[in-house]
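Q: Let me give you the structure first, and then I'll get to my questions.
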Amino acid sequence: MNMKDKLISFEGVDIFYGRNIVLNNVNLNFCRGDKIGIIGQNGSGKTTLVKTIMNLHKSYRGSLTVDPRLRIGYAAQRTNLDMLIPLTVKEYVSLNFANGNSLTDDHFSKWCDKLELTGLFNKRFSDVSGGQKQRAVLLRAMLSNPDCLILDEPTDNLDICSQKTLLSLIDEFCAQTSMTLILISHTLDAIINHVNRMVILKDSQTSEILIDNAKNIGDSLSRIFETEITVKLINGKWVVL
């Protein structure tokens, strides 16, 4: 992590809902090129943390610094999608298409095909399935030319095969740029192989884990969750036991 490329910095930040504290004394840095997983159970503050970064949640105290030039691409949770968007899939995906390029641009066409959206172009966004909506939201965020791509539960309600395919496509997309990736999930297994750091949210506290070696990861997870957790590297993939 090169601190010269720091994009987002929390220093002693407390985040609130009303009078209730959601996250206490957050101290985190997000730098260009980071691949970060934010892990926590429902209600732990994952979405609130990223909405605070995006200035959509303003109930906090402490020092939060966000690079004013930072461009964020955000794909919300599937449950938050507006089912009544009066646009076709093509019109919706094209809203944030970067730099005014035409819709025949190779980059646009390539990723529409990879996410299996091309055949849905003329359908109304409100008429396609939940999974298809999620892919359209993801693609719109990806094509917004972001410095930081934030994906909120992108694999929620997907089967294991679909999860792997989608995350591999996200890896491929991010590998082409130096963008920062923030993946939000409530499960370790879903994203541990797609990030270089994890931020664990538990009991209003944040803990960072570097994805470096099996013993360190396992020891850190065991300490945070107060139960024995073993991590092994099997065929080049991290496995949580």
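The values are calculated or read from the model by the stated rules, or taken from the named source; none is laboratory data. Quantities reported herein were computed from a predicted structural model and do not represent experimental measurements. Cβ sites come from the backbone with ideal geometry, for glycine too, and all protein chains shown count toward neighbours.
Q: Filter region 190-241 down to residues that are β-branched (Val, Ile, Thr) and assigned to a strand (DSSP E or B) and give me whichever is surrounded by the fewest Cβ atoms within 10 Å (Cβ to Cβ).
A: For region 190-241, the residue satisfying everything is Ile234.
Q: Same structure, new question: Take Ser178 and decide whether it is outside any strand (DSSP E or B), without any contact (Cβ under 8 Å) to a residue 12 or more places away in the chain and under 20 Å from Gly73 (Cα atoms).
A: no
Q: If you don't mind, there's one more thing I want to ask. Restricting the search to region 55-67, which residues are within 15 Å of Pro146 (Cβ to Cβ) and not in a strand (DSSP E or B)?
A: Asp67
Q: Here is a further query. Out of region 110-127, which residues are in contact (Cβ under 8 Å) with a residue 12 or more places away in the chain and farther than 18 Å from Leu166 by Cα? Break it down into steps so the answer makes sense when it comes.
A: Looking only at region 110-127, we keep the residues that are in contact (Cβ under 8 Å) with a residue 12 or more places away in the chain, and these are 111-112, 114-117, 120-126.
Listed by number, the residues that qualify are Phe121, Asn122, Lys123, Arg124, Phe125, Ser126.
Q: OK, next. For region 1-53, which fully contained strands (runs of 3 or more DSSP E) count at least 3 residues that are over 16 Å from the mean Cα position of the chain (by Cα) and either at positive phi or of a type in the set (Val, Ile, Thr) (or both)? Spell out the reasoning first.
A: Numbers: elements: 6-17, 20-31, 35-39.
Filter on region 1-53 gives 6-17, 20-31.
Q: Right, here's the next one. Scan region 201-241 for residues that are among the charged types (D, E, K, R) and at negative phi and jot them down.
A: Residues satisfying the conditions are Lys202, Glu208, Asp212, Lys215, Asp219, Arg223, Glu228, Lys232, Lys237.
Q: So the check is Cβ under 7 Å with 6+ separation or different chains; which pairs have a first residue in region 61-76 that's farther than 22 Å from Tyr17 by Cα and a second one that's surrounded by fewer than 17 Cβ atoms within 10 Å (Cβ to Cβ) and modelled with pLDDT of 95 or more?
A: Pairs that qualify, where the first residue is farther than 22 Å from Tyr17 by Cα and the partner is surrounded by fewer than 17 Cβ atoms within 10 Å (Cβ to Cβ) and modelled with pLDDT of 95 or more, are Ile72/Met54.
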